[in-house]
1. May I ask you to list the residues in the range 75-88 that are surrounded by 24 or more Cβ atoms within 10 Å (Cβ to Cβ) and touching a Ser or Thr at 6+ places or on another chain (Cβ under 9 Å)?
2. Which one of the conditions (1) free of Cβ contacts under 8 Å to residues at least 60 places away in the same chain; (2) closer than 28 Å to Ala15 by Cβ does Val148 fail to meet, given that it meets all the rest?
3. Suppose we filter Arg269, Arg275 for residues that are of a type in the set (D, E, K, R), in contact with a strand residue (DSSP E or B) (Cβ under 7 Å, 6 or more places away or on another chain) and either crowded, with 18+ Cβ neighbours inside 10 Å or not in a helix (DSSP H, G or I) (or both); which single one remains?
4. Return the only residue of Ala248, Ala239, Ala203 being crowded, with 20+ Cβ neighbours inside 10 Å and more than 15 Å from the chain's Cα centre (by Cα).
5. Given the conditions (1) within 27 Å of Asp198 (Cβ to Cβ); (2) assigned to a helix (DSSP H, G or I); (3) not β-branched (Val, Ile, Thr), which single one is not true for Gly66?
6. Which of the residues spanning the range 81-125 are within 17 Å of the chain's Cα centre (by Cα) and of a type in the set (S, T, N, Q)?
7. If you scan the range 262-279, which residues turn out to be modelled with pLDDT under 95 and either among the basic types (Lys, Arg) or more than 23 Å from the chain's Cα centre (by Cα) (or both)?
8. For a quick check of your reading of the model, give me the residue pairs whose first member lies in the range 56-69 and is in contact (Cβ under 8 Å) with a residue 60 or more places away in the chain, whose second is of a type outside the set (Asp, Glu), with beta-carbon atoms closer than 6 Å and at least 6 apart or on different chains.
Amino acid sequence: MPLRANRFGLSVALATPFAEDRSIDLPRLVAHGLQSLADGCASLTVFGTTGEGASLGLNERQRALGALAGAGVDPRSQLVIGIAASSVEDAIAQGRAGLMLGCPSFLLAPPFYFKGAGDEGLFDWLAAVLTGLGPKASNVILYHIPQVTSVGLSVDLVDRLKKAFPGQVTGVKDSSGDWNNAQALLKQHGDLHILIGDERLLAKAMNLGASGTICGLANIAPDFMQAPVNGIEEPRVNAMIEVVLPYAVTAAVKLLVGQRRNDPVAWSRMRAPLRSLGEAEARKLYAAIDAIRARRAA
């Protein structure tokens, strides 16, 4: 099956650097974002899981978005804004911070505090957020990451939402790592942008009609990600994921960003309640990734 023509492509799930007081380090955020675009990422997805978005308040989100836009990142085409909230009001406010800059693209997570709500309850919540954001939010990607939120988005719920909000719901990011779920989404919702969060499944999914990825590995190996986003297996991508997964993934990614940027101390900082990795873990991680980078392409 040929790759689909209108692809979403590669978006980096941008890691968020913090200053010593744990405020967002805006200069480092901007530098990392601009370099990610220069390294081949089509867009920056900010405030997602890898970006520790659920720990970021509205005011600091607004400052970060302003800094990125002020540095030349085009909110209309180069930004996707993660929305992570349990109240409808907060979710809409997070979205409006992007709409004010002309950004139409959002990664919308379900209300993670409430477990067992079922499809009816989730539809009501998501519908209220989509209605509150309005038609200018014209590129909303539903975020399925049940291992983090404990709230999954069923294939049937996606169907109901895309039919109720055809001018807004354009895609699903499947970060479950469940190949059966990815296949079901591709089969039943191939009209949407199906984005694969697990980099190991990406090449296979692209050849079945997936549209791209929002992924953490693009923070540290955007060059390696070009192959799978074009439907070509890259063993070094799979090897990197296997190395990172035994650790707290966001902390591991940030340490590796620090290694790549030659700025390890600043990039090791996490926003509470998350914690950085220890020195022994960091040394082991650096060595393993260096060994993978040294391998030649297959």
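1. Within the range 75-88, Leu79, Val80, Ile81, Gly82, Ala84 qualify.
2. (1)
3. The unique qualifying residue is Arg269.
4. Of Ala248, Ala239, Ala203, the one residue that is crowded, with 20+ Cβ neighbours inside 10 Å and more than 15 Å from the chain's Cα centre (by Cα) is Ala203.
5. Here Gly66 clears every test but (1).
6. Gln94, Ser105
7. Matches in the range 262-279: Asn262, Val265, Gly278, Glu279.
8. Pairs found: Leu56/Phe47.
The values are calculated or read from the model by the stated rules, or taken from the named source; none is laboratory data. Everything numeric in this text was worked out from a predicted model, so none of it was measured. For neighbour counting, all protein chains shown are included, and Cβ atoms are generated from backbone atoms with ideal geometry for every residue, glycine included.
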